[in-house]
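Undergrad: A single structure is presented below for examination.
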Amino acid sequence: MALKITNIEEAFLHIKSMPDTKLINETDDYQVFQISETRPSEVHFFDQDLRETDERNVQTAKILSGVKYFYFIDKYGLQWEFEQGHSDIGD
């Protein structure tokens, strides 16, 4: 399950401190990740020729480049993803 949040660094520290919750990777290196810069040419839509690029590609690449996320498992064993950086791609 994925939840969209506004302050992912604060949420990460809070989840990390909860006794019944664990991060998907418990090493000290695990952190909030950010998707690397995405170019419009790397984004394709099903109704679009692969050689074509339009405003949808530009906007989607911009949104993707700002997404941050991390994963954790709650006390019931459910895996969650917290995301920050977009509402819905395509809107």
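The values are calculated or read from the model by the stated rules, or taken from the named source; none is laboratory data. Since this is a predicted model, take the numbers as computed values, not measurements. Positions of Cβ are generated from backbone atoms using ideal geometry, with glycine treated the same way; all protein chains shown enter the neighbour counts.
Undergrad: Among the residues that make up the stretch 70-88, is at least one of them in a helix (DSSP H, G or I) and in contact with a Gly (Cβ under 8 Å, 6 or more places away or on another chain)?
TA: Looking through the stretch 70-88, none of the residues is in a helix (DSSP H, G or I) and in contact with a Gly (Cβ under 8 Å, 6 or more places away or on another chain).
Undergrad: Do we have any residue at all in the stretch 51-62 that's surrounded by 15 or more Cβ atoms within 10 Å (Cβ to Cβ), without any contact (Cβ under 8 Å) to a residue 60 or more places away in the chain and among the small types (Gly, Ala, Ser)?
TA: Looking for residues that are surrounded by 15 or more Cβ atoms within 10 Å (Cβ to Cβ), without any contact (Cβ under 8 Å) to a residue 60 or more places away in the chain and among the small types (Gly, Ala, Ser), one finds at least one in the stretch 51-62, hence yes.
Undergrad: Sticking with this one: Please specify each residue of the stretch 1-24 satisfying the condition of being in contact (Cβ under 8 Å) with a residue 12 or more places away in the chain, part of a loop (DSSP other than H, G, I, E, B) and either β-branched (Val, Ile, Thr) or farther than 17 Å from Gly66 by Cα (or both).
TA: Selection gives Met1, Ile5, Thr6, Asp20, Thr21, Ile24.
Undergrad: Regarding the stretch 68-91, can at least one residue be identified that is modelled with pLDDT of 90 or more, of a type in the set (Val, Ile, Thr), closer than 23 Å to Glu10 by Cα and surrounded by 15 or more Cβ atoms within 10 Å (Cβ to Cβ)?
TA: So far as the stretch 68-91 goes, yes, one or more of its residues are modelled with pLDDT of 90 or more, of a type in the set (Val, Ile, Thr), closer than 23 Å to Glu10 by Cα and surrounded by 15 or more Cβ atoms within 10 Å (Cβ to Cβ).
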